[in-house]
Each structure stands twice: as C-alpha cells, then as structure tokens.
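Contents: one structure, followed by commentary.
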Amino acid sequence: MEFSFYEFRYAPLSIQIAGIFIVVAIVCTLLAYFSILVGRYRAYRQSERLKKLHPIIDEQLMEHILLNEELASDVPADQVQLPLESFQQPVFEKKWARQALIDRLIHYRNNVRGSMGEQLRNLYIQLDLDKDSLKKMKSRKWERKVQGLAEMSNMNMSIADVTILPLTNSNNRELRAAARHAYIKLSKNEPFKFFDVVTEPLLLWDQVELFKIISTTEHIAIPNFAQWITYSSNKSIVSFCLKLVVHYNQLSAVPAVIRLLDTKDHYVRADAINCLGKMKVEDVEEKLVHMYNSQPLNCRLEILKALGRISSGKYVDFLRQEFLHATDFEVRKHAAKSLINNKWAAKGLIQELIDTATAENKLILKHSMNPLIKF
Amino acid sequence: MDNIWETLGRIYENGVFIYGTVLLVTYALLAIFSMISVRAYAKRDNVDQLNTLLSSPLAPGITVLAPAFNEGLTIIFNVRSLLTLNYPRYEIIIVNDGSTDNSLEQMIEEFQLVPVDFAYNAKIQTKPVRKIYKSSNPAYAKLMVIDKVNGKSKADAVNAGINAAAYPHFVCTDVDCILDKNTLLELIKPVMQEEKKRVIATGATLRIANSCEFDQGVMTRMRPPRQLLPRFQEVEYIRAFVLGKMGWTLLNCVPNVSGGLGLFDKEIAIRSGGYDHSSFGEDMELMTRMCRYAHDNKIEYAIRYIPKTLCWTEAPVTVKIFNRQRTRWARGLAQLMYAHFGMFLNPRYGRMGMIIFPYNFFFELLAPIIEFTGIIYYIVMGIFGLINWPTALILLLFVYTYSVMITTIAILWDQLSFKYYRTWKEVAFLCLTPFMEFFLYHPLIVIFALRGYWYFLTGKKSTWGNMQRRGFQQTPKPAATAAAAK
C-alpha cells in the first residue's frame, strides 16, 4: 500500500487526476445505487402506510358523514354532531397522516354537495387542518404555497385579499395560477378584480385553467365582460374575455366587441371577429364584408368563417366571388365552407359551381360538402 | 525523423487529452443541468392540470402523424393505440407510404375506411397522393389515412401528412411506436406554459418496448428488455433523454427532437420547408432548419423536452438491423453537418451556432473518428513497445468508471422522479448494464458510425426500409391463460 501511494504521488499530473476521479466516480456510482434503493424504499413505505391508513379514514368518513342519514336528508351540517373523537387517534398527530386526511377530505368534498360537503369542511376546520394549510401558505417554498392555496380553495376557506392579491401577479407561474384560481373561488365581492391588476400576459395555459374555474364554480357572479374588453390594456385579458363572452353568450357585451373591430392589433381583431361569428351577430356582417379587403390573412379567414356561422344568406355572392377569384388556397376553402353553410340560400349556385368550376375548385367544394371531413 | 514522430505523437496525445477533458466536463455539467430540469419538472407535474386541459374547449388542436411502410404486422394494433389517446381536439393521419404488404387493406377493413374527395394542398412537395380515406364509422372519425406513392423516405411520407393536417401543431411519431395515453396533453403543456418565447418543438423520453406488456395498444407493464442488445439501447435512451436532452433543455439548446415522438409548430415547419426527403437524419435536419428559420426571421423560439416517458419503440434485436439503424443515423449526422456548416460557430445563430453545432461537431460527429484513431495509435505504440501499461490501464479505468457513473446518474434521475419499473430487481438488472456497455455495445456504435460516415463520403444508395417488426408482447388474457393451462 505504501509503495502504491509513493508511486501515485510521483506519477504525472494527468495520472494523479485520473486516480482521484476514479475514486470519485466509484463513490458517486455507489451513492447513486444507495439513493435509488432509499428512494424506492421510501416510496414503498409510504404506499404501505397509506394502504393501511386510507381504509381507516374512509371507514370513519363513510360511517359518520357519507352514509349519515341526517346529512343525506339535507339537515344543515351544523345541526349534526361531528365525529371528532374518531379522528383524534395518535396516528393523526403525524404530519404525513394529517396530509393524507386532508387529501381524502378534499377528494370526497369534490364528489359530494350540500350538507355532506359542508360537514367535511367543518371536520377540516374542527381538526385544525386549516392551520396546516395556512402554515403551508406561509412557507418560503412556492410549491408548499401552491399546495396550501389549493387546499384552502378546495375547502372554500376564505383568504384575505391582501394576502392573495399580490400572489396573483407572482413571478412564479404555478403560484400565480393557484392564487388566481383561489381568488376567483373565494372572493366574496369581486372575484374578477384581479383582471384589473394583471400586468403579465395570461398564458394560454392560464386561460384554460381560469376558464374551468370560472365555468365550474358555483354561485359565482358573472360580470359583464365588456368592461375589460373596452378598458383593459392587457391584450390577453381582452382575448380571454372574448372567449368568456362566447361561452356565456353575453349579448350585452356585443357592442364592445364590435368596437374592437377597429383595434390596430390584428390578433385581437381576429379574436373579436371569431367571437361575433360564434355569437351569430347578423348586424355585423355588412361591416365585416366592408372591411374584408383591408385585412391581413388571419382576419380575412375569420370573416369568411363568421359569414358561414351567421349564415344569413345575404353575402352568398361575396363568398362566391372569393371562392372563384382568391389566389390563396385557404381563403378558397373557407369561402367554400361558408357557402355550403349558407346553402339554404345558395342551392342553385352551389350546383352551378360544381358544374362549371375548375377541377381544383370542384374538389374544394366536394371536400366542404363531405360530412366525414370536418376541416 | 524520430523527433518529428515524437512531436506529432505528443501533439496528438495532448489534443486527445484536452478533447477528453472537455467532453467529460460537458457530461458532468449536463448531469447537473438535467438534475435541475428534472426536479423542476417533477415539482410542477400535476395530474389535475391534465384533467383540466382534457375537458377544456380552449385546448389547441393537434394532428398526430404516423407514416407507415410495410407495417402490416402491427398496424391495426398501433392505430388502435393512437385512437385511445386522451385529448379533446385531435386527428390522426396515417400515411401509407406505398406499402407493398396488406397494411392499407387491413386498415380499410378494420376501420371501415372509404375514399373521400379531400382538397389536398401540397404546401410541401411530395410524391403523389393516390387516395385519402376517412372512416364511415363515427367511432373512428378522428382517423384519416393517406395512401401515397412510395417516396423512399420517412420524410416524404410525413410531409404529405403535414400538408393534410388541420391543426396548428402536429405530433410526429412512428406507427410502430406505442404512446402513453396522455402524450398529447403532456406535449402541448410546455407550448401553452411558455411565457415569452414561441415553443417550436417539444419532445419526450422514448423507451424500449421489447419486454413491456401491452393490451390493445396500451402499455400495461414496463420492464427493462431481457435481451442484451435492446437493454443496452434502453440504458442509452435513458442517458440520452433524461440526462442529455433534459440538460440541454435548461439552456434552451436542445439539439434534436426525436423522430419517434415530437410535437412541432406546423407553421414554422412548413415555412422551413418540411422534412428533407434526401436526409438520413430527417428529424435532426428539420429541427436545425426550424431553428435557422426562427433566427433568420427574428423569432424568439424555444425547444422543450420533458423527462416523462411517453413513447415506447421496438428496438432492433439483431446486430444486423441495429447496424442498419445506426449507420443511417450516423450518415444523417454527417449530412446535417455538411449541409448546415455555415451555422458552425456563427454568432448570428445564437446558441444554435455557438453551442449546439460545435457540440454536435466535436462530440457527436468527431467522437467515433477520434476513438478509432486512438485505438490505431494504441496498437502502433503497443507494437513498438512504447506504451506505459500501468499508466494506460489507469486512464482506461478512469474512462470506464466515469462512463459507468454518468449512466448510473441518468438511471438515478429517472428513478427518483418516475418509478417506472415495478420491482427493485428490474432496476438492479438495468444498473448492471453500464458495466458491460463499454466493452460490448460501445465498440459497435463506433464501427457503425464510421460505416455511416463512409457511406456519406462515398454516396452509397440506401433507403429508410423496413425494421422487420416482431410485434409487441400482449398481456395474457385470463381466459386465454386458463385455456393454455388446460
């Protein structure tokens, strides 16, 4: 051993470095094996624990809440006794078990309504599980904050605006999204107030999540989205509000949407045209046709689609003109589709076009008429 | 004269030493970067998000493109697998690239396909499309089959699919690949979550399907391959995707989105000219051209990778087929470097020109050549008795232990985030593989890569051909098992 060390000490530098790295590589490899083993063991232990704990929680919840006859007959939750002692077992003093209990309560609360849901919420409060969630919200780690926010909002626990509003503009995307969801769900007065304070663009993902929260939250007061369509300087908020206008078929917002046709941003303009088409606003057809020639391609395609959706039959000649004379393939295709949508007013015309059109145009018409082809 | 040889030898040795050191440091950095990316992904990963998107009317549409050439053995099984994908707005386009087997007839019969008058607009030039089919059964309304003249390349087939695609994003996969049911939800997420850049492509981890169990096109049990050659490939895929691509994604320097599974921005792909049918590495070539287009047009772009395994592919089990596959890949890399050499160390192309291209050139293209010359140098030095064997063995041991460590770390990242294998024995089985990789698998890779370069230099004719599928292992049905037992 002494001889080897002596040799190593006087070996060239590259060999010395290589020797050190061999040791480092072997140690790292062994550590990696150890970490894999520990990781798997922990996951196994956790799943075994939960396998034992879940039936206990489920049994108690079934017995005292989910199969409770009084709650089933909608006796108010505060008049039914809470089975607190059943959950005051030593196991629930442990953090992981309390977390499992919170998760289970949320799981059941998402699946029941009325008094049962209210009783699950009462249990969450009486067992001081809300304090666990609040503690998470105060954590420095964003993922803990998100978890706390989600638990509070799932349990319909109110959070002060001063705590939550700043989070709706957080730099962290996940935290920002969770705060916005919680705000819409929990804010008693103005659930959409954060639309006024949002400075960053709403990502498409944010829009998907917000859309779900807004459209599925019960007892939410839907405002007139025209206020943001008219006044918001955040284009993504405007675009999102247009989608909500369509979803809620909010006719009172139509004048504000029509005003958007004059906006300089052609993406927003295309969204506005799309919205008007989907809401079948017949009065706007003339304006759309009038502005058509000055529009970029995305807006022109939206105008053609809108004419098809509105299907008033008034602009069949315009559609025919575009179908026959446009140079862009997509324009011709959308003109043909809209013509087919207006076929109640253009039956003879469509037959005439089929008989006289070029081979390519005939193919486009047949494509548009085929019920098996959607786009 | 002796002095000249001695000096040349010293220059070579020092050059290789520097090259090796930079490569090892790069791997170490990638290991750290990938750890950061994988952890960040695991923290953000949330099943509820997928459910939200699944039920959303705002989800962007996606076209799934799968080219098929003589895939009759597995085509029905694979199309069924694609039809089970979870996503609110998607279509599937199978491009039958002039198969000479009964793939098309099988699909027509199984999915009740009828020819339709489809207004096909050839934005990218391809071989002629013969017919386009849609299903008359509403259950298969998402499915479209394009039958075209064989274009002698996967690229030509995919381009035909892109021309017919209705949605703004397309997922390109091979028809022999099995996708996770949430693939589309997972791949579109980075596109929708990116704050400032336009995500032009997203990729995910691929794994080897050979020993996994499937039921009606759905993966039911994941196992490391039992056979040695596919198992080496499994380990290689984990290293390349979980460690390599995830490391690069942190720097927004992903060099390539695998042809097996990738989601692309259709507009950018079309404007970049689509897949190059003359390329043998068409996936990497398209990615390079899309990046080039984005740079030329001042589009702030991003390419993202996710560490989750979303795709399983059948790996070659014989050295002959493996040779064919790797020769093709190497030839594609050489073609790519030659065609886009103007980007090499060109600051105009940002990270693509300053990081990705030099990395690919030095450590992907040149690596087999340097290794080969190193072996020749060793042999010559050995013949002349000029090797200090203890020193040589220490250096060899160093490279060996380091390569085992890097692969083990990749397996560790994969294991800590996603526990795909059910038993610890399977993980142990996989962990043993890197010890043999250095001696048995790596030399094959070097030889096949050199063969690919040779074909590139000599312009040997070759096609994308048939991988000779064996089909996937089906989960035994209880009744069938009982009957077999009797």
**Request:** Return yes when B:T84 is more than 14 Å from chain A (Cβ to nearest Cβ) and out of contact with any helix residue (DSSP H, G or I) (no Cβ under 9 Å at 6 or more places or on another chain) and no when it is not.
**Result:** yes
**Request:** Would you mind stating whether B:E364 is in contact with a strand residue (DSSP E or B) (Cβ under 8 Å, 6 or more places away or on another chain) and either modelled with pLDDT under 95 or crowded, with 17+ Cβ neighbours inside 10 Å (or both)?
**Result:** no
**Asked** Do we find a residue being at pLDDT below 85 and either within 30 Å of B:E71 (Cα to Cα) or aliphatic (A, V, I, L, M) (or both) anywhere in segment B:438-461?
**Response** yes
**Prompt:** Out of all the residues in segment A:77-135, which are of a type in the set (V, I, T) and closer than 18 Å to A:R49 by Cα?
**Reply:** A:V91, A:I102
**Complete:** Conditions (1) closer than 25 Å to A:S133 by Cα; (2) among the acidic types (D, E); (3) more than 35 Å from the chain's Cα centre (by Cα) -> A:E63 fails only (1)
**Request:** Could you grab me the full set of residues in segment B:88-124 that are farther than 24 Å from B:A139 by Cβ and among the acidic types (D, E)?
**Result:** B:D97, B:D101
**Complete:** Counting only helices (runs of 4 or more DSSP H) wholly inside segment B:1-104, the ones holding at least 1 residues that are at pLDDT below 95 and of a type in the set (G, A, S) are B:2-44, B:75-83
**Asked** Does A:L339 satisfy the criteria of being closer than 21 Å to A:E285 by Cβ, within 41 Å of the chain's Cα centre (by Cα) and more than 13 Å from chain B (Cβ to nearest Cβ)?
**Response** yes
**Request:** Could you list, in sequence order, all residues of segment A:15-44 that are more than 7 Å from chain B (Cβ to nearest Cβ), surrounded by 14 or more Cβ atoms within 10 Å (Cβ to Cβ) and of a type outside the set (A, V, I, L, M)?
**Result:** A:Q16
**Request:** Go through the residues of segment A:67-74 one by one and say whether even a single one is surrounded by fewer than 17 Cβ atoms within 10 Å (Cβ to Cβ) and within 11 Å of chain B (Cβ to nearest Cβ).
**Result:** no
**Asked** In segment B:109-144, which residue that is in a loop (DSSP other than H, G, I, E, B), facing chain A (nearest Cβ under 10 Å) and aromatic (F, W, Y) is surrounded by the fewest Cβ atoms within 10 Å (Cβ to Cβ)?
**Response** B:Y120
**Prompt:** Can you name every residue in segment A:333-369 that is surrounded by fewer than 16 Cβ atoms within 10 Å (Cβ to Cβ) and part of a loop (DSSP other than H, G, I, E, B)?
**Reply:** A:T358
**Prompt:** Mind checking which residues of segment A:225-247 are exposed (fewer than 15 other Cβ atoms within 10 Å of the Cβ) and either at pLDDT 95 or above or of a type in the set (S, T, N, Q) (or both)?
**Reply:** A:S233
**Message:** Out of A:M152, A:M157, I need the residue that is outside any helix (DSSP H, G or I) and either in contact (Cβ under 8 Å) with a residue 40 or more places away in the chain or in contact with a Ser or Thr (Cβ under 9 Å, 6 or more places away or on another chain) (or both). Which one?
**Reply:** A:M157
**Asked** So A:L276 clears everything in (1) part of a helix (DSSP H, G or I); (2) at positive phi except one condition, right? Which one?
**Response** (2)
**Request:** Report, by residue number, each residue of segment A:137-151 that is closer than 22 Å to B:Q49 by Cα and out of contact with any Asp or Glu (no Cβ under 7 Å at 6 or more places or on another chain).
**Result:** A:M137, A:K141, A:E143, A:R144, A:K145, A:Q147, A:G148, A:L149, A:A150, A:E151
**Request:** Kindly list, by first and then second residue, each pair from a residue in segment A:191-203 that is within 13 Å of chain B (Cβ to nearest Cβ) and touching a residue at least 24 places away in the same chain (Cβ under 8 Å) to a residue that is among the polar types (S, T, N, Q) and part of a helix (DSSP H, G or I), limited to pairs with Cβ atoms under 7 Å and residues at least 6 apart or on different chains.
**Result:** A:T199/A:N169; A:E200/A:N169; A:P201/A:S236; A:L202/A:S236; A:L203/B:Q193
**Asked** What pairs can you find where one residue is in segment B:416-437 and more than 10 Å from every other protein chain (Cβ to nearest Cβ), the other is surrounded by fewer than 20 Cβ atoms within 10 Å (Cβ to Cβ) and of a type outside the set (K, R), and their Cβ atoms are less than 7 Å apart, with a gap of 6+ or different chains?
**Response** B:Y420/B:M222
**Request:** Go over the candidates B:S81, B:S34 one by one and state the one that is in contact (Cβ under 8 Å) with a residue 40 or more places away in the chain and touching a strand residue (DSSP E or B) at 6+ places or on another chain (Cβ under 7 Å).
**Result:** B:S81
**Prompt:** closer than 30 Å to B:L396 by Cβ and among the aromatic types (F, W, Y) - does that describe any residue in segment B:37-56?
**Reply:** no
**Residue that is surrounded by 21 or more Cβ atoms within 10 Å (Cβ to Cβ), part of a strand (DSSP E or B) and polar (S, T, N, Q), where the choices are B:T327, B:T309** = B:T309
**Request:** Please state which of the following conditions A:S312 fails to meet, knowing it meets all the rest: (1) at pLDDT 90 or above; (2) more than 14 Å from chain B (Cβ to nearest Cβ); (3) in a helix (DSSP H, G or I).
**Result:** (3)
**Request:** Could you tell me which residue of segment A:264-309 is surrounded by the fewest Cβ atoms within 10 Å (Cβ to Cβ), considering only residues that are over 24 Å from the mean Cα position of the chain (by Cα), closer than 19 Å to A:S252 by Cβ and of a type in the set (A, V, I, L, M)?
**Result:** A:V281
**Message:** Which count do you get for residues in segment A:357-375 that are more than 7 Å from every other protein chain (Cβ to nearest Cβ) and of a type in the set (F, W, Y)?
**Reply:** 0
**Asked** Across segment A:183-234, what is the total count of residues that are more than 18 Å from the chain's Cα centre (by Cα) and assigned to a helix (DSSP H, G or I)?
**Response** 8
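The values are calculated or read from the model by the stated rules, or taken from the named source; none is laboratory data. Quantities reported herein were computed from a predicted structural model and do not represent experimental measurements. Cβ sites come from the backbone with ideal geometry, for glycine too, and all protein chains shown count toward neighbours.
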